[in-house]
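Let me begin by presenting the structure, written as structure tokens, before commenting on it.
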Amino acid sequence: MRAVYPGTFDPFTPGHFNLVQRARDLFDEVVVLVAVNSAKHPDTDGEDRAAAVRAVLPVGWTSVTVAAWSGLTSTYCRRHEVAVIVRGLRNTTDLQAEYQLAAMNQSLGVPTVFLPAQPELAAVSSTAVRTLASER
């Protein structure tokens, strides 16, 4: 079964890495889908972020690929025969937002599997990483 793990990944954090690592154990193939969404105002373009993700993933993880994508995740899933979306949850705030997205994607024919963040990584967000990096 193929799964997609979508996100802006601006930047790709240890929590994201951990989620990909765990998803590899659950699915035959995992696509890290880098969202090209100008509304989120990422620091770099989608292809650069995709290249940055590829650079940190171990070469031996042959069941993991990375792609940049502009459009709905469910459209990517249908076009590339991906069965499920994987999303990480750090807290109840994430759950509320992710549940709405999951319901929409389910109505479009693609279910979502939620994986809780490892406790030691739950406080790390891309926003926090960007904020710390800009203050240095």
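Only four residue types carry charge here, +1 at the Cβ of Lys and Arg and -1 at the Cβ of Asp and Glu. Report the dipole size of the chain about the Cα centre in Debye, rounded to the nearest 20.
The calculation lands at about 120 debye.
Please report Rg over Rh for the chain, where both radii come from the alpha carbon positions and Rh follows the Kirkwood definition.
Rounded to two decimals, Rg/Rh equals 0.93.
Please calculate how many Å² of accessible area the chain carries per residue, with a 1.4 Å probe and no DNA, RNA or ligand atoms counted.
57 Å²
Run lengths n ≥ 4 of DSSP H only: what is the helix-derived mean residue ellipticity at 222 nm for the chain, with -39500 (n - 2.57) per run over all residues, to the nearest 500?
-12500 deg cm²/dmol
Taking amide H atoms as placed 1.01 Å from N in the peptide plane, list the residues 5 or more away in sequence, or in a different chain, whose amide H sits under 5 Å from that of Val36.
Close amide H contacts, sequence-distant or interchain: Trp69, Ser70, Gly71.
When you count, for each residue, the other Cβ atoms within 10 Å and take the mean per peptide, how do 90-101, 45-56 rank with the highest first?
The packing order, highest mean first, is 45-56, 90-101.
Can you list residues from other chains, or at least 5 along the same chain, whose modelled amide H is less than 5 Å from the amide H of Val66?
Val32
If you roll a 1.4 angstrom probe over the protein chains with everything in place, what fraction of the accessible area of region 1-112 belongs to carbon and sulfur, to the nearest %?
Carbon and sulfur together cover 53 percent of it.
The values are calculated or read from the model by the stated rules, or taken from the named source; none is laboratory data. Model, not experiment: these values are computed from the prediction. Positions of Cβ are backbone-derived with ideal geometry, glycine not excepted, and every protein chain shown enters the neighbour counts. The area values use the complete protein model at the heavy-atom level, side chains included, leaving out ligands, DNA and RNA. Shrake-Rupley method; radii C 1.70, N 1.55, O 1.52, S 1.80 Å.
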